[in-house]
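The values are calculated or read from the model by the stated rules, or taken from the named source; none is laboratory data. Given the structure is predicted, the values throughout are model-derived calculations rather than measurements. Here the Cβ positions follow ideal geometry from the backbone for every residue, glycine too, while neighbour counts run over all protein chains shown.
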């Protein structure tokens, strides 16, 4: 019997454990992928720590790059051996009001990779072929992996920020380091906000072309047209509101955030807005990967063996990373 290995979460708060399973056969419309790289995302932390609740046991991981090893019945858009990426959004119903109005990111009956279906902290996975992306040749496997969520969700957040010549990024991690490159390439002025005392993160942001870098508690040197909050810290919302100009927008990019404290209505007045981002659409993915290849975006990664998934999660939780961790089976 052919087997696969995976790092499985059995219960919230417990370390992942290595398991062996029979190699699964793809159902109609699905593909089996031999995984070459899987990024480690803050959302994986939220799954492991129980901030969000899905199926258990589960194999986390939703920034997957690999090659198709088997095709389910009816799959015609991909071929054996083709390289693909698998994102967070793993399936939608296609029939609810959101799907029918081109808002599949809000589907009433979705599946999410590494959360409500097994993901990429493994040697193999199954994926719905309609929710896989071809990866541009300019990216190798390891450097492509963070694009599948840090890049895609970051890009949706970026688009929701609207036309923002002066853009603030709160939390300079995997997503922000990708979006900063895109924004600078497009001629925007980027203000990067890091944790207090994070001198390494501030240096990293400057290296990527940010015009100003400071702590999240600081005020930028000029008002922002928009701000994107990647850090899961609700207290940053009122701070960002104070930093944006009249008509400015604050985009909350995470799937989970601590409670937002009360703030004066005056800080919201003058048509400032607070919006959240949920998931992604396939159009987001197609558009972003094409733009990222044009820039081209250079992801900063630290590769670790699959068996060190817990180490990667712990170091991410502690903020001990510039860019992103990527697991390599």
Using the structure shown, decide if residue 168 is within 24 Å of residue 273 (Cβ to Cβ), in contact (Cβ under 8 Å) with a residue 40 or more places away in the chain, touching a helix residue (DSSP H, G or I) at 6+ places or on another chain (Cβ under 8 Å) and assigned to a strand (DSSP E or B). yes
Picking from 320, 287, which residue would you name as being in contact (Cβ under 8 Å) with a residue 40 or more places away in the chain, outside the structural domain of residue 208 (by TED's automatic domain parsing) and under 24 Å from residue 181 (Cβ atoms)? 287
Considering only segment 304-317, I want to know if a residue exists there that is closer than 25 Å to residue 137 by Cβ, loosely packed, with under 14 Cβ neighbours inside 10 Å, in contact (Cβ under 8 Å) with a residue 60 or more places away in the chain and within 16 Å of the chain's Cα centre (by Cα). no
Residue check: is residue 209 touching a strand residue (DSSP E or B) at 6+ places or on another chain (Cβ under 8 Å), surrounded by fewer than 17 Cβ atoms within 10 Å (Cβ to Cβ) and farther than 21 Å from residue 319 by Cα? yes
Where residues in segment 29-71 are in contact with a helix residue (DSSP H, G or I) (Cβ under 7 Å, 6 or more places away or on another chain) and over 28 Å from residue 13 (Cα atoms), which of them is surrounded by the fewest Cβ atoms within 10 Å (Cβ to Cβ)? 29
Among (1) touching a strand residue (DSSP E or B) at 6+ places or on another chain (Cβ under 7 Å); (2) outside the structural domain of residue 39 (by TED's automatic domain parsing); (3) surrounded by 14 or more Cβ atoms within 10 Å (Cβ to Cβ); (4) under 18 Å from residue 180 (Cα atoms), there is one condition residue 222 misses while meeting the rest; what is its number? (3)
Qualifying residue in segment 152-160 (condition: touching a strand residue (DSSP E or B) at 6+ places or on another chain (Cβ under 6 Å), assigned by TED's automatic domain parsing to the domain that holds residue 89, buried (at least 24 other Cβ atoms within 10 Å of the Cβ) and modelled with pLDDT of 95 or more): no
Filter result for the condition that a residue is touching a strand residue (DSSP E or B) at 6+ places or on another chain (Cβ under 7 Å) and either in the same structural domain as residue 26 (by TED's automatic domain parsing) or over 19 Å from residue 253 (Cα atoms) (or both), over 126, 179, 169: 126
Go through segment 39-65 and give me each residue that's in a strand (DSSP E or B) and either over 23 Å from residue 231 (Cβ atoms) or outside the structural domain of residue 111 (by TED's automatic domain parsing) (or both). 58, 64, 65
Does residue 19 satisfy being outside any loop (DSSP other than H, G, I, E, B), touching a helix residue (DSSP H, G or I) at 6+ places or on another chain (Cβ under 6 Å) and closer than 18 Å to residue 306 by Cα? no
Please verify whether residue 143 is buried (at least 19 other Cβ atoms within 10 Å of the Cβ), touching a strand residue (DSSP E or B) at 6+ places or on another chain (Cβ under 9 Å) and farther than 21 Å from residue 216 by Cα, treating the condition exactly as stated. yes
Of the residues 231, 253, 215, only one is over 29 Å from residue 86 (Cα atoms) and outside the structural domain of residue 131 (by TED's automatic domain parsing); which? 215
Tally of residues being loosely packed, with under 14 Cβ neighbours inside 10 Å and either within 21 Å of the chain's Cα centre (by Cα) or in contact (Cβ under 8 Å) with a residue 12 or more places away in the chain (or both) across segment 263-274: 2
